[in-house]
Every structure is written in structure tokens, then in C-alpha cells.
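Beneath this line is the structure, given in C-alpha cells, with notes to follow.
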Amino acid sequence: ATKAPHAILMDAATGGVLVQQNADELIQPASMSKLMTLAVLFRALKEGRIHKTDEFTMSVNAWRNGGAPSGTSAMMVPVNTKATVDELIQGIAIQSGNDAAMCVAEGMAGSEAAFARMMTEEARRIGLVKSTFANATGLGNPNHLMTVRELAMLARYIINEYPEFYPVFGQKEFLYRKHRFINRNPLLFLNIGADGLKTGHIAAAGYGLVGSAVQDGKRLIVVVSGLQKPEQRKDEAAKLLDWGFNSFSSVKLFNDGEVVGKARVWGGKTWYVPLAAKGDVMFTMPKYPANQRLSAEIVYKAPLKPPVKKGDQVAILRISSSSSASAEVPLYATEDVTKGGIVRQGVDSLVLMALRRLAL
């Protein structure tokens, strides 16, 4: 049990959910949404569109509404002063600087509103279907919404996709001009293997935290939100991580490349295409109780029509246990399936029409 109104604990290796509470309700994520601000920036860096040595100018707007005059968390970049992208990354990740986030948004997109649209587009690209963004900071806005599940998915994406940039989240302090900023993530100072990611707080959302930790080679991601005090987000997140590390273990269900099942191909040269995962299919579940039951189903959008190429993702394997642990694993075609002849296509078309009529 957790006191957090919204919470999730995820296995980083598999994406499996170990525990969840109101994980799909949209909430205002506050500064935890700066993870998406940084995800957009990290992608531009990785693709070479900008560089860490590039400089952005702190505008009057960003300074007034996100800097010292705003009374919110700020990197304290003087107005009309240039800061490097590397400095701004640290200002966002460590100090949660709203001025730094706005400066990046204006520098990359011309305006914060245009950058917010980029954030929503990037969310859809990486599979976050509910998140919508109205600004680069997470400051209160009724249209700036995420779920704790999608925050965990975003954290997992950053960890896996940007390993070269991820260490900034574990940096305990940032020296900028005359300022010494201490990382706001309390998990980093608990000696529990924590190495990121981001806290958040606004009055409308309460206190929240996205965190990740590694113990004995196993990484977990935790998200809590809606708590009333900053100490609670630290305690609840640490409690969930401790429970996850001590109470769960991973089991291998299928080997890399092993056929998991088949999907029906309508009008194909063959009726079915074999499906397999890329890599071993692992599932993380509670160590106790011992007699848990697993169930799994292959899910895909039917009718699946040719051509199907080897390596195409055509389905997911949805796994769950009687203890409520769950995971989804992409499945890929292991063979090519081309169009069948006229007779095969005709027969399959008639069968498909008959099935649709029965469904009605």
C-alpha cells in the first residue's frame, strides 16, 4: 500500500508493472514534465541539430516568468545573458529551473507555445497517447496533463534511448556563476542505488517524484504524485523501491527468437505468420505467493493482410499474473508472407465476410 494518490512501480528492463494505483488518471505533472522538455532536447542533440556548446539567450519573458522575478525554481541566468545548452540541461535536471526550460523552448522553437506542440508530438512518437503539454516548465495549466504510467514510460525511454545524457539526473550539485544548486531529488542521498530522475510540485498537483534506482543489476522506476508534503514523496518512493527490490524476481518465459505464437494472415500465401520477440521474454513478478498463475494473449489489429515482412512488428504479447503484475512485449514476424493466389484471396475474403456477419 502507498499513501500516494497516484503511483506506479515499473521494471525498467521489461516495462512490466509491479504495482499501480490510479496510474492512468490524468494529472498535472508539475516539473516532472520537464523530462519531456529534456527528451525533446536530447533528441536534437543526438541527431546533431544542436550541440552542448551552442548558446541560447535568456529573454525578458523567460527571465520574468521563469527566473528570479517569478518566485519559482530558477537557474538565475541574468536577463539577456547567453547560457550554453550544457548549462541549461543541468539547470533543468538539477535545479528544475523554469527560466532554463523556457530559454530552451524559445531557443529551439521560437516560442514556448511552439515548443509545447513539439513536446506533444514527441510524446505521440514514443508511444505516450494521453499526455498533452501546454508549456516547457510544468507550471499550472489545465491542458498540461500526464499520467504516472506515461511518466514512468518516459523515464524508461530516456534511460534506454539517451544513456549518454542520463547521468546528469544523478549529478548531486551544479555550480553556476555564484550559485550552488543541490539536486532536488531526495532519493539520490539515501544510498539505495538511486541515480535520477525528477521531482515536481505545484499547489494544484501536490508533491511528486519520478525516480530510478539500481540494485544488483536490476533497475526499477517509481513515480508518485499528489502527496501533501515533500517528505512523503521521498518516503513513499523509497518504500516502493525497497519493496520492489526485495519482493520481486524475473523469470524467462521465451528465449530470444523463440516462436511465441502465430497471427492469422488474410489473403496471404500462407495462413499464419510465426511471431517472436527480439531478445529473451522476461517477466517480473512477486516472489510470493508461490502458486501464482500466469496468463498471456497475443494481441494484434485484424485483419492482418499481406505483404508481411520478416522483422515487422505485428503484435504484442500481453502477460499478467494473478498477483496483478503485468507486461507487454512487442512481437515480430519471423517470416515473409506474400499475397496468395486469386483463389486463396477469394476464399479468405468470403470467410472474413462471414465472420463479420456472425459478429453482428
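The values are calculated or read from the model by the stated rules, or taken from the named source; none is laboratory data. Not measured: the values here are computed from a predicted model. Ideal geometry is used to build each Cβ from the backbone, glycine not excepted, and the neighbour counts take in all protein chains shown. Note: accessible area is taken over every heavy atom of the protein model, side chains too, but ligands, DNA and RNA are not part of it. Shrake-Rupley method; radii C 1.70, N 1.55, O 1.52, S 1.80 Å.
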Task: Contour excess over end-to-end distance, with Cα ends at Val129 and Ala204 and 0.36 nm allotted per residue - done: 24.7 nm
Open item on the list: Between region 267-314 and region 59-115, what is the separation of their alpha carbon centroids in Å?
Closed with: 45 Å
- [ ] Place +1 on the Cβ of every Lys and Arg and -1 on the Cβ of every Asp and Glu in region 1-82, take the dipole about the Cα centre, and give the residue among Gly66, Thr53, Gly15 whose Cα lies farthest towards its positive end.
- [x] Thr53
Task: Surface accessible to a 1.4 Å probe, per residue, for the residues of the chain, Å² - done: 47 Å²
Task: Shape call, region 1-104: gyration tensor on alpha carbons, a/c limit 1.5 - done: oblate
Task: 13 Å Cα-Cα reach of Lys305 towards aspartates and glutamates, excluding residues that sit fewer than 8 places from it in its own chain - done: Asp336, Asp348
TODO: Can you tell me the relative contact order of region 64-117? Whole percent, Cα pairs under 8 Å, sequence separation 6 or more.
DONE: 31 percent
Open item on the list: I need the calculated FRET efficiency for the pair Asn191 and Asp86, taking r as the beta carbon distance and R₀ as 22 Å, to the nearest 0.05.
Closed with: 0.20
- [ ] Round to the nearest 10 and give me the degree value, 0 to 90, for the angle of helix 98-109's Cα axis relative to the longest principal axis of the chain.
- [x] 60 degrees
Task: MRE, 222 nm, helices only [DSSP H, n ≥ 4, -39500 (n - 2.57), over the chain, to nearest 500] - done: -9500 deg cm²/dmol
Task: Net charge contributed by nearby residues that have their C-beta within less than 15 Å of Pro186 (K/R +1, D/E -1) - done: +1
TODO: Net charge near Asp256: determine it from the other residues with C-beta under 14 Å of the C-beta of Asp256, scoring Lys and Arg +1 and Asp and Glu -1.
DONE: 0
Open item on the list: My understanding is that a pair violates if its Cα-Cα distance is over 28 Å; which of Lys172/Lys278; Lys269/Lys301; Lys198/Lys278; Lys52/Lys310; Lys3/Lys252 do that in this structure?
Closed with: Lys172/Lys278; Lys198/Lys278; Lys52/Lys310; Lys3/Lys252
Task: Rounded if a/c under 1.5, otherwise prolate or oblate - the chain, Cα gyration tensor axes - done: prolate
